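Please treat every number below as a calculation from the coordinates, not as lab data. The structure presented is a predicted model; accordingly, all values stated were derived computationally and were not measured. Please note: Cβ atoms are built from the backbone with ideal geometry, for glycine as well, and neighbour counts cover all protein chains shown.
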Amino acid sequence: MTDFNQAERIQQSLKKRYRAELRFRWYGRLAVGFAMLCLLALFTDIISKGIGAFRTTAISLEVTYDLEQVGVTDLANKDELLYADWDALSKQALRNQFPEVTGRKDKRELYRLVSNATGFELSKALKANPDLVGKTEQIWVLADDDIDTWYKSWLAGNPYEERLTENQIAWLTQLVADQKLNLQFNTRFFTGGDSREPEQAGVRGALMGSLLTLAVTFLLSFPIGIASAIYLEEFAPKNRLTDFIEVNINNLAAVPSIIFGLLGLAIFINFFELPRSAPLIGGLVLSLMTLPTVIITSRAAIKAVPPSIREAAIGLGASQQQVVWHHVLPLAMPGMLTGGIIGMAQALGETAPLLMIGMVAFIVDIPNGVTDPATVLPVQIFLWADSPERAFVEKTSAAIMVLLAFLILMNAAAIYLRKRLEKRW
Amino acid sequence: MQTASLILLLAGFGVLAFVQGRLRSLSIARHAGGIRFLNSLPFYYGLQSLFWTVLPALILLAIWLLFRNSLITTLVINTLPADLMPSNSSEQSLMVSQLHNIAAGALTGDAISVEMLEAADRLTRFERIGRWVISGALLSFVGLGLLLGYRRIQLNLNARVQSEQVVKIILMACASIAIFTTIGIIFSVLFESIQFFKSVSPADFVFGLEWSPQTAIRADQVGSSGLFGAIPLFVGTLLITLIAMVIAVPTGLMSAIYLSEYASKSMRTWIKPALEILAGIPTVVYGFFAALTVAPALRNMGESLGLSVSSESALAAGAVMGIMIIPFISSLADDVITAVPRSLREGSLAMGATQSETILNVVFPAALPGIVGGVLLAVSRAIGETMIVVMAAGLAANLTANPLETVTTVTVQIVTLLTGDQEFDSPKTLAAFALGLMLFVVTLALNFVALHVVKKYREQYD
């Protein structure tokens, strides 16, 4: 009888224990599922918000290149070209398109349909091709960002009309009916610098800034990181100084990045008076920040070289340094490069320290050198995310997509290198 | 000459010196009867010649670059008439930038006094002289180095040992950059913090309950008292960190356990890289996600439940920060869990424990120190995280523990105080450095403890 009871009890407790086991498994599944869901939500959110920015709305206008209208008599006269009223051309074209618009206020609303860069674009076209003078052409001009937002939301079946007047909506509806409004590939987004006008803003300036900053970072942190790793792994005597260096490297790897920004501000800008907002300083700060990563991965790569190689070289009479430079370093190089690329990816996504050293300025020009004022892609994202214009949300998401594309590319390169070049001993 | 062209020139001379040293050693060896009479390989003679030529010049250049600005500034300022002489450092830096602008022709007009024009003239002249002097000095160093390096080359010179010694010193110098970086960080935050604590007492800073760093520009201004009590910032930082940990620790830990103990191999190969992607996303992207998607969503959710959720709530920033930290915790936990020896698990399973009982009662306690260390590292990371909170948390320093309200954090205040216009003697700017000091000390302590715990644990099984 007692035996039976015990068996029953065990059976029941087993059932309970198996249920607990199953529950535990489900907790694990839920946790993994939650993490994956977050990843999915993040990507869907950004792609759905940003995909539209790669296309932009254009309006078809019949433009007459009438020099009298803009107040230019001679195309060779630079001053005249500079002060000419180029917008008059697009304004005239808009008036021709909608002859019924007469009132001052209505006209001003009408002019707001096109981007305020239109005049400049027309002048550029004219300068490139002086034969156009006096001719009439049907061309696509960039629409204003509010029109862009409206058209995209209208295409999606849910027009966003808050920033537009009734008149403007009527005109736009007519343009749509006449097929004079369409979406074109947004080349400006990849070729233009920053702008206060969302429809004119591009990531080229930020991309160049990132490129220059990363170049400085790589040129500094990669050789110095490798040198440090070689010293620590191969030559450093076991003493207090070496221990101190190691403690420092480990701690620097975990110091918040913003602290490096404070360092850059206090030392590089205030003490050495290096130029603010320049990729040079950004690169210096980021290289100090990525140095621990590079050192740690390079040391791992050196450690992975088997001792038999060293011993063989020493056996043939090589000096300690010859062993390192001729054998260990070439064999450890793929691992070090992987570490270097991972460090660069980290630097590419970094924002906070660059805010401290003035890389947040509004910079329209595309930087050409490491001392030109510049901004970088993540900072550009931060700046656009802060802008109140609705159209910048789309731009920001698109810039994030560009940034993520670069990061994925770099990580893929690192994985490829590791798979392709690394030897297993 | 510009610094960049000087460096290029040095590089050119370096190549020249290397080739010259190598050829010289070869020719000496030929006269002696063959290369086997040479003490070292010709490469090392070239290397030594290169070091003689380039290194002294590089050191000179570095020293010059360090002291150039202060030297020229002092020279120019000292020649100014007494009534124009700046009385403090901020006036001086203003005057110097003015002089630079005048010299560059960017600042013109009648308002500029004759003395200033003359000083600007002197500034350009000194700069030009400085460039010539340094170019000349560098070239003579290079020439002397070339000559000395050339003369030193002899059959019995042990060039390999000597140049390897130099290489070793260079390597060591590179390794010590880590020390100098730490020193640089400490000095840069400490000096400005000391300045700050001259005007605000440390006790007021650490224990003060009110934070409003706007200092009065005019004496009679209202509402700009300049209060620097950092408690609201600390509380805000801790609140957001706590929210992040509440999300990240269970999720990260459970996913690490599931991936290392239950998941099939094919699942691991897919999920692990996906988690690494989550770890590789830049924080500014998380900030954007928090500010534009999560915060409005929480707000709408709160509204439908009848709660008032601030649009910059601590919850949104903390939740997204938690998502960011999940992969960090899961990868650290994964490492320590897989480091627990198989024998422990098998012993437990053999006694009839289910897998979850084994994990909870055997693996987890064994891995606990490592997990604690990982969580501490994650906390330090959450405290120092900047972009998410800058974009999604608020600026107003509320002393509250309600996650639905707006709070601000230490890092947000550092960014806000330092990205506007700055003057380096106002407590407002210096306060950022004091906050930076706090941040540095706290994260350093956390890292130190965490690394210590992890290390101690590792010694048990290795």
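Suppose R0 equals 60 Å; then what is the FRET efficiency for A:ASN239 and A:ALA170 from their Cβ-Cβ distance, rounded to the nearest 0.05?
Using R0 = 60 Å, I get an efficiency of 0.15.
Residue by residue through segment B:191-206, what is 3J(HN,Hα) from phi via Karplus (6.51 cos²θ - 1.76 cosθ + 1.60, θ = phi - 60°)? Round to whole Hz and write x for glycine and proline.
4, 5, 5, 4, 3, 5, 6, 6, 9, 10, 6, x, 5, 4, 5, 6
Relative to the longest principal axis of the C-alpha atoms of chain A, give the angle of the C-alpha long axis of helix A:329-348, reported between 0 and 90° and rounded to the nearest 10°.
In chain A, helix A:329-348 runs at an angle near 40 degrees to the longest axis.
Give a residue-ordered list of calculated ³J(HN,Hα) values for segment A:291-308 (Karplus: 6.51 cos²θ - 1.76 cosθ + 1.60, θ = phi - 60°; whole Hz; x for Gly, Pro).
3, x, 4, 4, 4, 5, 5, 5, 5, 4, 5, 5, 4, 6, 6, x, x, 4
Within 10 Å of each Cβ in A:352-358, how many Cβ atoms from other chains are there, averaged over the peptide?
Mean partner-chain Cβ count within 10 Å for A:352-358: 4.
Sketch the reach of a paramagnetic label on A:ASP178 as a point 7 Å from Cα along Cα-to-Cβ, and name the residues of segment A:124-155 whose backbone nitrogen lies under 17 Å away.
A:136-144
Could you rank the peptides A:224-236, A:28-40, A:75-87 by their average count of other C-beta atoms within 10 Å per residue, with the highest value first?
In descending order of packing, they fall as A:224-236, A:28-40, A:75-87.
Could you work out how far apart the two model spin labels at A:ALA412 and B:ARG268 are, taking each label as a point 7 Å from the Cα in the direction of the beta carbon, and quote it in nm?
According to this spin-label approximation, the distance is 2.6 nm.
If you place +1 on the Cβ of every Lys and Arg and -1 on the Cβ of every Asp and Glu, how big does the dipole about the Cα centre of chain B come out, in debye to the nearest 20?
Here chain B has a charge dipole of around 2580 debye.
Computed FRET efficiency, Cβ-Cβ of A:LYS15 and B:LEU349, R0 25 Å: what is it to the nearest 0.05?
For A:LYS15 and B:LEU349, the calculated efficiency is 0.85.
Once you place label points 7 Å from the Cα toward the Cβ at B:LEU60 and B:LEU147, how far apart are they in nm?
The answer from the label model is 1.2 nm.
Using only Cα atoms, locate the centre of segment A:91-114 and the centre of segment B:121-178, then give the distance between them in Å, rounded to an integer.
If you average the Cα positions of each part, the centres end up 70 Å apart.
Calculate, for A:ASP74 and A:THR136, the FRET efficiency according to 1/(1 + (r/R0)^6) with r their C-beta to C-beta distance and R0 22 Å; round to the nearest 0.05.
0.55
Could you size up the charge dipole of segment A:333-402 around its Cα centre, putting +1 on the beta carbon of Lys and Arg and -1 on that of Asp and Glu, and report it in debye to the nearest 20?
Charge dipole of segment A:333-402: 140 debye, to the nearest 20.
Answer rounded, prolate or oblate for chain B, using the Cα gyration tensor with square roots of eigenvalues a ≥ b ≥ c: rounded when a/c is under 1.5, else prolate when a/b is larger than b/c, else oblate.
Because a/c hits 1.5 or more and a/b fails to exceed b/c, chain B counts as oblate.
Which order do the peptides B:401-413, A:298-310 come out in when sorted by mean C-beta neighbours inside 10 angstrom, highest first?
B:401-413, A:298-310
Please list, ordered by chain and number, the residues whose modelled amide H lies under 5 Å from the amide H of A:ASP66; skip anything fewer than 5 residues away on the same chain.
Those qualifying (amide H under 5 Å, at least 5 residues apart or on another chain) are A:GLY134.
Run the numbers on segment B:225-461 and let me know its relative contact order in percent, using alpha-carbon pairs under 8 Å that are six or more apart.
30 percent
About the Cα centre, and with charges only on the beta carbon of Lys, Arg (+1) and Asp, Glu (-1), how big is the dipole of segment A:2-51? Nearest 20 debye, please.
It works out to roughly 80 debye.
Enumerate the residues in segment A:77-91 having an amide nitrogen under 12 Å from the point lying 7 Å beyond the Cα of A:ASP365 toward its Cβ.
none
On average, how many beta carbons from a partner chain sit within 10 Å of the beta carbon of a residue in A:391-400?
2
So what's the angle, to the nearest 10 degrees on a 0 to 90 scale, between helix A:118-128 and the longest Cα principal axis of chain A?
90 degrees
Find which of B:VAL15, B:ALA173, B:THR269 sits farthest along the positive direction of the dipole of chain B, computed with +1 on the beta-carbon of Lys and Arg, -1 on that of Asp and Glu, about the Cα centre.
The one lying farthest along the dipole's positive direction is B:VAL15.
Choose one of A:ALA345, A:PHE120, A:LEU142: the residue whose Cα lies farthest towards the positive end of the charge dipole of chain A (beta-carbon charges +1 Lys, Arg; -1 Asp, Glu; about the Cα centre).
Highest projection toward the positive end goes to A:ALA345.
How shielded is B:407-413 by partner chains, expressed as the average number of their Cβ atoms within 10 Å of its Cβ atoms?
Mean number of neighbouring Cβ atoms from other chains: 1.
Using Cα positions and a limit of under 20 Å, work out the lysines in reach of A:LYS303, with same-chain residues fewer than 8 apart set aside.
Within the straight-line limit of under 20 Å, A:LYS303 reaches these lysines: A:LYS238, A:LYS419, A:LYS423, B:LYS168, B:LYS455.
Quick check: residue separation of A:LEU316 and A:GLN6 times 0.36 nm, minus the Cα distance between them. What number comes out in nm?
104.2 nm
Starting from the Cα gyration tensor of chain A, take the square roots of the eigenvalues, sort them a ≥ b ≥ c, and report rounded, prolate or oblate (rounded when a/c is under 1.5, otherwise prolate if a/b is larger than b/c, else oblate).
oblate
If you average the C-alpha positions of segment A:213-252 and of segment B:18-65 separately, how far apart do those two centres end up, in angstrom?
What the calculation gives is 28 Å, centre to centre.
Let me have the relative contact order for chain B, percent, based on Cα pairs under 8 Å that are six or more residues apart.
16 percent
For B:SER313, list long-range residues whose amide hydrogen, built 1.01 Å from N in the peptide plane, is under 5 Å from its own amide hydrogen.
Hits under the 5 Å cutoff: none.
Could you check the spin-label model distance between B:PHE67 and B:LEU155? Points 7 Å from the Cα along Cα→Cβ, value in nm.
4.5 nm
Under the classification rounded if a/c is under 1.5, otherwise prolate if a/b is larger than b/c and oblate if not, where does the protein assembly as shown fall, given a ≥ b ≥ c as square roots of the Cα gyration tensor eigenvalues?
oblate
Just order B:9-19, A:157-167 by mean Cβ neighbour count inside 10 Å, highest at the front, would you?
Descending packing order for the listed peptides: B:9-19, A:157-167.
Report, in degrees rounded to the nearest 10, the 0 to 90 angle that the Cα long axis of helix A:377-386 makes with the longest principal axis of chain A.
In chain A, helix A:377-386 runs at an angle near 60 degrees to the longest axis.
Over 18 Å between C-alpha atoms is what I'm after, so list which of A:LYS49/A:LYS395; A:LYS105/A:LYS152; A:LYS91/A:LYS135 land there.
Table pairs above 18 Å Cα-Cα are A:LYS105/A:LYS152.
Just tell me which lysines come within less than 27 Å, Cα to Cα, of B:LYS428; anything on the same chain fewer than 8 places away is out.
In chain and number order, the partners are B:LYS198.
Which residue, chosen from A:GLN12, A:ALA304, A:ALA332, occupies the Cα position most advanced towards the positive end of the dipole of chain A, where the dipole is computed from +1 (Lys, Arg) and -1 (Asp, Glu) charges on Cβ about the Cα centre?
Of the options given, the answer is A:GLN12.
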